[in-house]
Structure formats: structure tokens, C-alpha cells
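Comments concern the structure below.
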Amino acid sequence: MPARAYWQGQIRLALVSIPVEIYSATKSGASISFKQIHEPTGKPIHYEKVVTGIGPIDTDEIMKGYEVEKGEYVLLEQDEIDAVKLESKKTLELTQFVDAHEIDVLYYEKPYFVVPADDLAEEAFIVLREALRRTKKVGLGQLALRGREYVVSLKPCGRGMVLETLRYADEVNKAQSYFREIPDDTPDADLLDLAEALIQKKSAAFDPAEFHDRYVDALKDLVARKRKAKGHKIIEDKEGDGGGRSGSNVVDLMAALKKSMEKPGGAPAKAAAAKKAPAKKPAAAKPAAARKPAAKKRA
């Protein structure tokens with residue numbers, strides 16, 4: 001098994017217990033981190049714990065405090081906090097099953113791989129995995145991990161299963177407060193046809209390897225060039241790619257969508273827009289009797 005198990009215990013479904021191990025399914029990316037350096041000496045800068053009006057203090061004088069009112073704190077000893085932490089019962093009891101689409105994406109937090117702990121657990125593990133797959137359900141339960149209790153979901157993933165910690169309801173903002181001002185309008189049919197055609201043109205199977213952090217790549221390149229330049233300043237003036245907002249708020253959306261469709265590999269824009277506005281007929285000329293007589297000129 002590749003790494004050390006994050007959690008070992010058992011999944012319980014009624015009277016059936018399945019010994020399992022849980023491993024982190026993600027890893028920190030190759031992000032670039034910087035340290036603050038004292039330029040004259042080239043040495044890193046350290047931080048001291050200081051109190052306003054007193055100055056530096058010893059770490060053994062530091063306690064954790066919860067602010068109950070402005071400037072008023074309840075101080076807690078570390079052993080008091082530790083006593084509140086939940087002991088891991090080493091059991092995940094599946095208490096409910098729901099359709100996957102019922103769980104909003106905002107609630108998902110962190111994924112973990114779940115595998116059977118030994119050969120004896122494999123049969124029951126496979127039965128649960130396939131039962132979840134056939135019913136298209138996600139198992140829910142609560143699990144104590146490192147002193148905190150999480151709501152977790154369990155679903156099939158290839159030959160194994162994935163456990164995902166979920167956020168509690170009070171940890172998720174309500175979307176209505178952000179979306180309230182967006183008008184509930186019906187889009188123009190032609191525009192919608194073009195947008196759908198553009199989506200179809202760019203549709204493909206998801207391959208995460210096709211995406212990478214361009215900012216990290218650029219920083220790594222900058223560090224390499226800076227090192228090669230032996231400390232000389234490196235500044236490059238690059239023209240904007242037009243990604244910012246334009247000077248005008250008026251956007252010809254139809255023209256933009258048509259132009260996108262006319263790029264190589266796309267269907268002609270005319271085929272995407274099924275409906276066309278009928279051409280306007282020229283206005284009929286007024287009859288001569290209906291015309292006003294011309295004003296007479298004075299002698």
C-alpha cells in the first residue's frame with residue numbers, strides 16, 4: 001500500500017462490519033512559496049510574539065482565547081480543549097442513503113480513498129461497493145477524525161470507494177443572497193442555439209492532465225532566469241490579452257458567438273442559428289391624394 005493510512009477502522013451497515021483503511025486522495029500541488037529576506041545580509045526574517053505595550057514574551061505565557069465580546073476573551077488551557085475532542089470510535093456507521101445529485105457541490109470538502117483492510121474484508125467491501133453502484137446511492141454517516149466529527153459520504157470509485165468529508169449547513173453561505181439581483185429573463189432563442197453549438201464544439205472527455213498551473217510554471221521560470229542573471233532585475237512588458245473588461249458595456253453577443261463558431265473545427269454559424277428574423281418589407285408609398293398640397297409661394 002503506498003502511504004500511511006490516514007484512518008483505520010470499520011464501515012458498519014446494520015449488522016455488517018467491514019474493516020477498511022482510508023488514504024488521502026489529494027496532495028498539495030507544487031506551489032511556489034516565498035520567505036521574507038533581509039536584503040543587506042540575505043538572511044531570513046524571523047517573527048517574535050509581542051504584546052502591545054509590553055514587547056516580546058515567552059511562549060509559555062501564551063494561552064488560547066475565545067472573544068465573546070469586543071476585547072473580552074475567555075481563556076482556555078490546552079488540556080481543557082483536548083478534553084472536548086471526540087475520540088475516534090474507529091467506526092463509520094452508514095445511517096442514510098441519498099441520490100448523489102441531492103448533495104450540492106458546495107458541501108463537498110476533501111476526498112479520501114477507501115480500501116479493504118485485509119483479504120477477509122474484500123467480499124463484504126465489494127458487495128457494498130456494487131450495491132451503491134447499482135442503486136446509484138451515496139452512503140452518509142458521521143466520523144471522528146483527529147478530534148473533530150465530520151459528516152461524510154461514501155460512493156464507488158473504480159474498484160474501490162471514495163469517502164468525502166462534507167461541510168455542515170452553517171459552514172455554507174446561501175446562494176440566494178448573491179444571485180438575487182440576477183434577472184430571471186428568457187434568453188434569445190438564436191443566441192441560445194449558438195451558445196449550445198459552441199458548447200458542443202468544445203465538448204470532450206475530462207482529462208485533468210491537460211490542465212496545469214501556468215502561474216506556478218511562470219514563477220519557476222522567473223526564478224531560473226533570475227538565478228542565471230545573478231540577481232539582475234528581470235521585468236518583461238507584455239501586452240494584455242484582452243481578458244479584462246472592455247471600455248464599453250455594450251457587447252454584440254451574437255457577433256461574438258458567431259465568430260467563435262467560425263474558428264477552425266467549428267460548424268458554420270449559420271447552421272447553428274436555426275431561426276432567423278423575417279426580412280422587413282419596404283413601406284408602401286402614400287397615395288397622391290393623401291399627400292399634403294405644397295404651400296403656395298407669395299408674389
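When the residues of region 206-236 are filtered to those that are more than 32 Å from the chain's Cα centre (by Cα) and outside any loop (DSSP other than H, G, I, E, B), which remaining residue is nearest to LYS259 (Cα to Cα)? Top of the filtered list is ARG225.
For region 170-205, which residues satisfy the criterion of being part of a helix (DSSP H, G or I) and either aromatic (Phe, Trp, Tyr) or farther than 16 Å from ALA256 by Cα (or both)? Steps first, answer last, please.
Looking only at region 170-205, we keep the residues that are part of a helix (DSSP H, G or I), and these are 170-171, 176-179, 189-201.
Hits for region 170-205 are ASP170, GLU171, GLN176, SER177, TYR178, PHE179, GLN200.
Give me the residue from region 171-227 that is under 30 Å from SER33 (Cα atoms) and among the small types (Gly, Ala, Ser) and, out of that set, surrounded by the fewest Cβ atoms within 10 Å (Cβ to Cβ). Among them, the one singled out is ALA209.
To keep it simple, each residue is scored yes or no on (1) surrounded by 11 or more Cβ atoms within 10 Å (Cβ to Cβ); (2) basic (Lys, Arg); (3) modelled with pLDDT under 90.
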{"position": "ARG12", "(1), (2), (3)": "yes, yes, no"}
{"position": "PRO19", "(1), (2), (3)": "yes, no, no"}
{"position": "GLY29", "(1), (2), (3)": "no, no, yes"}
{"position": "LYS35", "(1), (2), (3)": "no, yes, yes"}
{"position": "GLU39", "(1), (2), (3)": "no, no, yes"}
{"position": "LYS43", "(1), (2), (3)": "no, yes, no"}
{"position": "GLY55", "(1), (2), (3)": "no, no, yes"}
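Screening region 88-108 for residues that are within 17 Å of ALA131 (Cα to Cα) and hydrophobic (A, V, I, L, M, F, W, C) and picking the one that is farthest from the chain's Cα centre (by Cα) gives LEU94. Residue count for region 95-152 satisfying the condition of being of a type in the set (Ser, Thr, Tyr) and buried (at least 16 other Cβ atoms within 10 Å of the Cβ): 3.
Annotation note: of TYR66, TYR73, the sole residue that is surrounded by fewer than 11 Cβ atoms within 10 Å (Cβ to Cβ) and either in a loop (DSSP other than H, G, I, E, B) or hydroxyl-bearing (Ser, Thr, Tyr) (or both) is TYR66. In this entry, GLU21 is excluded by the filter for residues that are under 30 Å from ASP82 (Cβ atoms) and in a loop (DSSP other than H, G, I, E, B). Residues that are outside any strand (DSSP E or B) and not charged (D, E, K, R) within region 137-169 comprise GLY158, TYR168, ALA169, listed in sequence order.
Out of VAL151, VAL138, VAL172, one residue alone is out of contact with any helix residue (DSSP H, G or I) (no Cβ under 7 Å at 6 or more places or on another chain) and aliphatic (A, V, I, L, M). It is VAL151.
Determine whether region 148-157 contains at least one residue that is modelled with pLDDT under 90 and either closer than 26 Å to LYS110 by Cβ or among the basic types (Lys, Arg) (or both).
yes
The values are calculated or read from the model by the stated rules, or taken from the named source; none is laboratory data. Given the structure is predicted, the values throughout are model-derived calculations rather than measurements. Cβ sites come from the backbone with ideal geometry, for glycine too, and all protein chains shown count toward neighbours.
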